[in-house]
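Engineer: Got a structure for you, questions after.
The values are calculated or read from the model by the stated rules, or taken from the named source; none is laboratory data. All figures in this text were calculated on a predicted structure; none of them were measured in a lab. Positions of Cβ are backbone-derived with ideal geometry, glycine not excepted, and every protein chain shown enters the neighbour counts. Side chains are part of the model used for accessible areas, which takes the heavy atoms of the whole protein and leaves out ligands, DNA and RNA. Shrake-Rupley method; radii C 1.70, N 1.55, O 1.52, S 1.80 Å.
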Amino acid sequence: MDTHSHYVHAQQSVSPTDFYNGHNGLALTSPAPPVQAVQPGPRSYKSRKYRPCDFCRARQVACKIDDSPPCNLCSAHGRECTFLERPKKKRRPNPSVGNGEASGITASAPIQHFDVSSTPLSPGFIAQFNQEQQSYNGLNGHHDGVPAHSSPDQLHLSQTDASPIFNMDPYLLSGGIRIAPLDSQTTRSARFIGETGESNPYLLKYYKYDTNDECTISKLTYRRIKSSLNPDVLSEEKGEPPVVFMLADDSLAQKGEPRIEDDVLQKSRTEIESMFSEQEALRLIGLFLQFVYPYFPILSKSELCPNGAVSPSVLQTLPLSLLSAIYATSLPFMLYDDLLSTTLIHSPPPAHQLFRITWLCVIQELHTPRLATLQACLLLLQRAPTNRYTTDTPWKMSLVGWTVSLAHSLGLQKECSDWSSIPTWEMTLRKRLFYGVFIMDKWASLGAGMPSHIKTDDFDVLPLTDTDLEPPSLDPGPNAIPGFLEPEADSNHFRLLTELTIILSDIMDSYYSIRATQRTSKNFTLSLDLARSLRKGLTEWKDSLPPALSMRQAGRVDSRISGNPSLSLAYIVATMTLFRALLRPLENLSSAEEQERSIVEGRLAVRAGAKECAKEVVEFVENLGRGALDAFWHSWSRANFAIASSFLMQLLVTSQNEVETNEINSLVARWRWAMRIGSGSTGNGLMSLGLLRLDGLLLENGTGHPSVG
């Protein structure tokens with residue numbers, strides 16, 4: 001596959017002349033010079049004798065060499081640093097817009113010029129800029145017809161070149177203020193400064209910051225965050241802790257351990273490039289957007305599809321860790337692509353090999369993490385099990401802990417909707433990423449029976465709203481499958497899952513921590529009191545579902561590829577988790593309590609509700625169509641099926657009389673048959689673990705063949 005795309009979305013490249021002229025490395029990493037107004041007319045002459053390396057030219061970033069090749073970027077990505085490709089022809093800027101007369105920028109709000117070599121663009125910034133139909137002649141320092149105080153949403157598209165980066169500036173313009181995305185640096189990573197660390201945020205507020213709210217000491221740059229509610233007021237001036245990020249130069253972590261050798265990373269990249277042609281790679285990314293993204297939107301579609309289609313540039317701009325994880329996650333859906341179903345279907349690359357490459361690269365990136373590192377970790381957690389009949393190894397919960405810690409390092413636990421120091425696309429992505437981590441942590445902890453890593457007091461991110469989500473991707477191409485998407489349901493799935501997970505978190509905090517278990521496992525009255533608000537929350541959540549996500553739909557369409565059933569199962573299991581907590585104290589009642597009228601009535605109500613929940617999950621599985629089973633399911637759904645099997649058996653072995661035993665025995669038989677249909681030799685393995693657990697419990701209980709009716 002051609003590794004040098006001609007449609008790269010990144011910043012203008014700057015040649016490494018300083019290195020060849022004998023300048024030392026300090027000049028390459030020193031702070032940017034003071035901001036100067038852009039002069040009209042052509043730029044000053046700069047020698048092109050020493051051009052950037054091929055990889056930096058392809059990504060359009062500064063080629064920085066400390067002593068000798070390889071450059072910093074090639075070293076970080078495990079690439080061979082070559083100077084073989086010929087320079088591309090560059091279009092001359094239109095001199096008619098260089099004089100600034102028609103720019104609409106007044107002297108009171110001069111446009112400032114920034115050294116683009118120190119502010120590399122991320123694909124997310126460029127894509128968001130294009131998607132919002134914003135454009136300005138940043139290299140010339142002028143904005144055609146744009147008022148000085150326009151917001152990014154008020155800027156208009158003014159394409160003057162086929163390349164999306166022509167005449168673009170590395171900052172967004174908002175109210176006359178340039179906004180640099182936190183996650184746009186190719187040579188620096190942003191880390192959140194906590195209150196108790198060696199970098200005291202209260203001390204950092206006394207530092208001298210420039211017009212970009214940044215100050216640099218040695219190779220460490222600190223960036224403070226302002227609020228959009230009042231751009232002139234910092235967080236500490238509102239009585240809140242200062243929000244400060246450290247932008248650490250990647251070179252500081254070059255000796256960090258553990259790490260992977262550069263030749264190993266280069267071998268992995270070469271291996272992936274040999275697996276897929278460019279067209280196959282782009283189609284796999286397209287499948288991810290169609291089948292996975294609607295239910296787990298941890299990427300920015302605008303980053304991948306600036307013009308509505310997957311841009312070839314993402315094959316160069318996305319790090320190898322995330323790219324290989326996307327490929328591996330998309331492989332199960334290649335049957336639904338006309339090209340991949342003929343080119344890859346006979347000998348598809350093994351998904352486990354792609355995930356191994358992801359993990360290999362993540363180990364390296366953890367020293368200098370970006371949002372893409374976290375995205376790769378989340379997709380690693382969503383991978384299907386290698387053995388459908390066994391539970392996940394402790395490695396998975398360890399990776400959950402790593403992912404949560406990484407989210408904290410990136411500052412995702414802080415509400416960012418009112419930050420004026422980052423662009424809108426980055427705000428919404430950060431919120432979705434936090435809740436992606438939150439969801440994975442809570443449901444993985446539930447399935448593993450382990451404590452959660454995220455505590456309620458440790459984040460202040462507001463609930464998701466429609467503005468935080470991107471609309472679903474309806475495939476307009478020739479490979480579109482009519483009616484296979486549910487636009488209304490898909491656009492609501494992640495938000496509803498987030499709300500349900502918050503309720504699940506409250507259930508776990510109320511009943512399943514060690515101290516909560518000690519308080520509630522022998523106190524039926526307390527357990528009932530705690531359950532009232534939780535049960536109400538679950539009911540209100542269920543009642544809020546749109547018609548397309550109704551829990552009980554007559555005649556499901558088998559041909560519809562929908563991942564929404566995993567949301568329905570999650571609701572049922574959350575309800576089961578509450579009833580499991582209420583059933584515990586019923587086995588510890590004293591003789592006196594068993595005679596109390598309120599206890600007797602409460603016990604009858606709990607068992608009636610538990611049986612209704614069991615009936616609901618049986619009917620749910622019986623109504624699942626082939627299209628639902630072939631859709632994307634969150635990885636923790638497999639444990640949810642096993643939890644349901646355990647719940648049914650708990651009701652069976654604690655039956656109060658023969659009538660109840662027969663009733664539950666019938667439900668168990670139906671559940672067992674439905675799972676055998678859904679998890680047979682041709683199934684996808686979702687129910688295999690739950691079926692195995694049920695069969696084992698039935699044999700142990702001496703009821704290997706429960707009767708129906």
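Engineer: Counting only residues that are touching a residue at least 60 places away in the same chain (Cβ under 8 Å), in a helix (DSSP H, G or I) and open to solvent by 10 Å² or more (accessible area, probe 1.4 Å), how many does the range 633-653 have?
Structural biologist: 5
Engineer: Cβ-Cβ distance below 6 Å, separation of 6 or more or different chains: which pairs start in the range 661-680 with a residue that is within 18 Å of residue 642 (Cβ to Cβ) and outside any helix (DSSP H, G or I) and end on one that is open to solvent by less than 30 Å² (accessible area, probe 1.4 Å) and not acidic (Asp, Glu)?
Structural biologist: 679/687; 679/688; 679/691
Engineer: Find all pairs meeting these conditions: Cβ atoms under 8 angstrom apart; at least six residues apart or on different chains; first residue within the range 355-378 and over 17 Å from residue 407 (Cβ atoms); second residue among the β-branched types (Val, Ile, Thr) and in a helix (DSSP H, G or I).
Structural biologist: 357/272; 360/264
Engineer: Kindly indicate whether residue 156 is open to solvent by less than 30 Å² (accessible area, probe 1.4 Å), at pLDDT below 50 and in contact with a Ser or Thr (Cβ under 9 Å, 6 or more places away or on another chain). Please lay out each step first, then the result.
Structural biologist: Numbers: open to solvent by less than 30 Å² (accessible area, probe 1.4 Å): no; at pLDDT below 50: yes; in contact with a Ser or Thr (Cβ under 9 Å, 6 or more places away or on another chain): yes.
Criteria not met by residue 156.
Engineer: Please state which of the following conditions residue 273 fails to meet, knowing it meets all the rest: (1) in a helix (DSSP H, G or I); (2) open to solvent by 50 Å² or more (accessible area, probe 1.4 Å).
Structural biologist: (2)
Engineer: So for the range 540-556 (the condition being modelled with pLDDT of 95 or more and of a type in the set (Ser, Thr, Tyr)), does at least one residue qualify?
Structural biologist: The answer is no, given that none of the residues of the range 540-556 is modelled with pLDDT of 95 or more and of a type in the set (Ser, Thr, Tyr).
Engineer: Please determine whether any residue of the range 580-595 is under 30 Å from residue 670 (Cα atoms) and within 34 Å of the chain's Cα centre (by Cα).
Structural biologist: Residues of the range 580-595 under 30 Å from residue 670 (Cα atoms): 580-587.
In the following step, the residues that additionally are within 34 Å of the chain's Cα centre (by Cα) were identified as 580-581.
Within the range 580-595, one or more residues are under 30 Å from residue 670 (Cα atoms) and within 34 Å of the chain's Cα centre (by Cα).
Engineer: Here's a follow-up. Just to verify a result, which residue in the range 237-283, among those that are among the β-branched types (Val, Ile, Thr) and without any contact (Cβ under 8 Å) to a residue 60 or more places away in the chain, is nearest to residue 306 (Cα to Cα)? Can you show your working first?
Structural biologist: So in the range 237-283, the residues among the β-branched types (Val, Ile, Thr) come out as 243-244, 260, 264, 270, 272.
Those still in the list that are without any contact (Cβ under 8 Å) to a residue 60 or more places away in the chain too: 244, 270.
Values: 244: 30, 270: 27 Å.
Per the stated criteria, the residue is 270.
Engineer: Is there a residue in the range 361-381 that is in a helix (DSSP H, G or I), open to solvent by 20 Å² or more (accessible area, probe 1.4 Å), of a type in the set (Asp, Glu) and over 25 Å from residue 448 (Cα atoms)?
Structural biologist: Yes, there is a match, as at least one residue in the range 361-381 is in a helix (DSSP H, G or I), open to solvent by 20 Å² or more (accessible area, probe 1.4 Å), of a type in the set (Asp, Glu) and over 25 Å from residue 448 (Cα atoms).
Engineer: Follow-up. Looking only at the range 338-360, which residues are buried (at least 23 other Cβ atoms within 10 Å of the Cβ) and not β-branched (Val, Ile, Thr)?
Structural biologist: Across the range 338-360, the qualifying residues are 340, 354.
Engineer: State whether the residues of the range 594-609 include one that is under 26 Å from residue 535 (Cβ atoms) and touching an Asp or Glu at 6+ places or on another chain (Cβ under 7 Å).
Structural biologist: Within the range 594-609, one or more residues are under 26 Å from residue 535 (Cβ atoms) and touching an Asp or Glu at 6+ places or on another chain (Cβ under 7 Å).
Engineer: Condition (residue is of a type in the set (Val, Ile, Thr), at pLDDT below 80 and either open to solvent by less than 30 Å² (accessible area, probe 1.4 Å) or closer than 24 Å to residue 427 by Cα (or both)) applied to the range 229-238: is it met by at least one residue?
Structural biologist: yes
Engineer: Looking at residue 415, is it under 17 Å from the mean Cα position of the chain (by Cα), open to solvent by 10 Å² or more (accessible area, probe 1.4 Å) and either among the charged types (D, E, K, R) or closer than 24 Å to residue 225 by Cα (or both)?
Structural biologist: Values: under 17 Å from the mean Cα position of the chain (by Cα): yes; open to solvent by 10 Å² or more (accessible area, probe 1.4 Å): yes; either among the charged types (D, E, K, R) or closer than 24 Å to residue 225 by Cα (or both): yes.
When the stated conditions are applied, residue 415 passes them.
Engineer: Mind telling me which of the residues 344, 322, 340 ends up being touching a residue at least 24 places away in the same chain (Cβ under 8 Å) and under 30 Å from residue 246 (Cα atoms)? Don't jump to the end; show me each part of the working.
Structural biologist: Values: 344 fails: under 30 Å from residue 246 (Cα atoms); 340 fails: under 30 Å from residue 246 (Cα atoms).
Testing whether each residue is touching a residue at least 24 places away in the same chain (Cβ under 8 Å) and under 30 Å from residue 246 (Cα atoms) leaves just 322.
Engineer: Scanning for something open to solvent by 20 Å² or more (accessible area, probe 1.4 Å) and without any contact (Cβ under 8 Å) to a residue 60 or more places away in the chain, does the range 284-294 turn up at least one residue?
Structural biologist: No, the conditions are met nowhere in the range 284-294.
Engineer: Still on this structure: Can you name the number of the only condition in (1) farther than 30 Å from residue 241 by Cβ; (2) over 13 Å from the mean Cα position of the chain (by Cα); (3) open to solvent by less than 10 Å² (accessible area, probe 1.4 Å) that residue 400 fails?
Structural biologist: (1)
Engineer: Within the range 576-591, identify whether any single residue is at pLDDT below 90 and touching a helix residue (DSSP H, G or I) at 6+ places or on another chain (Cβ under 9 Å), and answer yes or no.
Structural biologist: From the range 576-591, those at pLDDT below 90 are 587-591; that's our starting set.
Next cut, touching a helix residue (DSSP H, G or I) at 6+ places or on another chain (Cβ under 9 Å) only: 588-589.
Scanning the range 576-591 turns up at least one residue that is at pLDDT below 90 and touching a helix residue (DSSP H, G or I) at 6+ places or on another chain (Cβ under 9 Å).
Engineer: Right, here's the next one. When the residues of the range 418-433 are narrowed to those that are assigned to a helix (DSSP H, G or I) and among the polar types (S, T, N, Q), which ends up least open to solvent (accessible area, probe 1.4 Å)?
Structural biologist: Here is the first cut: in the range 418-433, the residues assigned to a helix (DSSP H, G or I) are 424-433.
Now narrow it down to the ones that are among the polar types (S, T, N, Q): 424, 428.
Details: 424: 79, 428: 25 Å².
Per the criteria, the residue is 428.
Engineer: Which of the helices (runs of 4 or more DSSP H) found entirely inside the range 523-632 contain at least 1 residues meeting this: closer than 17 Å to residue 648 by Cβ?
Structural biologist: Once the helices (runs of 4 or more DSSP H) in the range 523-632 are filtered for at least 1 residues that are closer than 17 Å to residue 648 by Cβ, what remains is 565-583, 597-622.
Engineer: Here is a follow-up. Can you go through 441, 490, 457 and tell me which one is modelled with pLDDT under 95, open to solvent by less than 10 Å² (accessible area, probe 1.4 Å) and not in a loop (DSSP other than H, G, I, E, B)?
Structural biologist: 490
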